[in-house]
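The next block holds one structure in the form of structure tokens; read it before the comments.
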Amino acid sequence: MGEARRRRKAEAVHAPTLPQVRSARIAIIEWLAEDERRTGAELKVRLERRPGHALPIELYPCRTKQDVFDALASITRSVPMKGTPILHIEAHGSVEYTGFIGPSSEELTWEELGDPLRVLNTATRFNLVVVAAACLSEAILFAVQMPKPIPYLAAVCFRTEVVPGRLLDSMLELYRALVIDGRSLQEAAERADRELSGSELLRFTSVPLLMRNAAAYVMDDLGACNFDNYYASMAAKVQIRTGRPLQYTPAAFKKVMRDAAIEAVESALRLSLDYEHFPENRLRFGFDPKQFVDDMLRAELRTR
């Protein structure tokens, strides 16, 4: 199945809404060269001067990739004392969509970033929001590495290149809507997007969206969503190997495929949301593997 078709089908499937975000502070990692505009520090000053802004703000200036890792570790260690942060990263995005680019063109790949984000997200009990304030930072989706636990509850990132001034205005509006006006994270992201030019785009993603897309991939891998072709292929292979027709009727085979898909989706959810250590995530996120699979199968019929 093509990526565009898979995305349309996943979007046609109902996903639970994002649980309410409760953050106790904003932690800004600023990984920029010394001769560049200090947008992280500027954001901190302007937010702190704004009437009605109540969240404490921490700034972590970084010069090297190791400094970023150290800052993430420090933020993680402080969770029991200071609470859950919104992790805000000011850097540059790679034009190859491979990660953040810091001073001296040092690169921090999404794969490298995935593990420390997972540790931080686990420390916050799956409440971490990441704001990737960098060009082309939409690719932070690549920090999600199935079947490892997810690295964040939600992410706000940029789908395009963006100039520093408008990026700063967009981030100021994001936090105004979120902290002062009490808007949902998705609504705040939509407001922040309106501060950009027509060619600049901001993206919002969250656990429900990620898990819905993961379910689509799982079912594609099983062949469950293209049942007629898969059944015909299996019947032909069995006939060639054994000289006998496939013993399963189409209805019986479809049940086997559905059951296998339900088990696979349940396994993906269990690992990604770490039900073993956080059993409350099963009810908190409200994913029903059977409904996921049945909705996906119905969506397949609609998109043919």
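The values are calculated or read from the model by the stated rules, or taken from the named source; none is laboratory data. Only a predicted model underlies this, so the values are computations on that prediction, with no experimental measurement involved. Cβ coordinates were reconstructed from backbone atoms using ideal geometry, including for glycine residues, and neighbour counts include every protein chain displayed. Remember, those area values only see protein heavy atoms, side chains included, never the ligands or the DNA or RNA. Shrake-Rupley method; radii C 1.70, N 1.55, O 1.52, S 1.80 Å.
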What accessible area per residue, rounded to a whole number of Å², is obtained for the range 65-161 using a probe radius of 1.4 Å? 36
What are the ³J(HN,Hα) couplings of the range 38-48, residue after residue, when phi is run through the Karplus curve with 6.51, -1.76, 1.60 and θ = phi - 60°? Round to Hz, x for glycine and proline. 8, 5, x, 5, 5, 4, 4, 4, 5, 5, 5
Loop-only check: which chymotrypsin sites (Phe, Trp or Tyr not before Pro) in the range 83-119 are DSSP coil with at most 13 other Cβ within 10 angstrom? none
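May I ask you to give the average projected area over all directions of the convex hull of the Cα atoms of the range 40-190, in nm² rounded to one decimal? List each step's numbers first, then the result.
Values: hull surface 34.5 nm².
Approximately 8.6 nm², given one-decimal rounding.
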At 0.36 nm per residue, and after removing the present C-alpha to C-alpha distance, how many nm does the segment from residue 278 to residue 240 gain when stretched out fully? 8.9 nm
Please give the Cα centre distance for the range 133-171 versus the range 55-121, rounded to the nearest Å. 12
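Show 211, 146, 81 ordered by accessible area, largest first, where the area counts protein heavy atoms only and the probe is 1.4 Å. The partial results should precede the final answer.
Numbers: 211 5, 146 85, 81 145 Å².
Order by accessible area, largest first: 81, 146, 211.
Give me the number: length gained by fully extending residue 48 to residue 33, i.e. 0.36 nm times residue separation minus the C-alpha to C-alpha distance, one decimal in nm.
Gain in length upon complete extension: 3.0 nm.
Only bridges whose two residues both fall in the range 50-134 count here: according to DSSP, what percent of them are antiparallel, nearest 5?
Details: 5 of 10 bridges.
Bridges in the range 50-134 that DSSP calls antiparallel: roughly 50 percent.
Counting Lys and Arg as +1 and Asp and Glu as -1, what is the net charge of the other residues whose Cβ lies under 14 Å from the Cβ of residue 280?
On the way: positive: 125, 270, 282, 284; negative: 274, 276.
Once all neighbours under 14 Å are counted, the net charge is +2.
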Rounded to the nearest percent, how much of the accessible area of the range 135-227 (1.4 Å probe, protein heavy atoms only) is carbon and sulfur? 48
For the residue pair residue 160 and residue 20, what label-to-label distance in nm results when each label sits 7 Å from Cα along the Cα-to-beta-carbon direction? 3.6
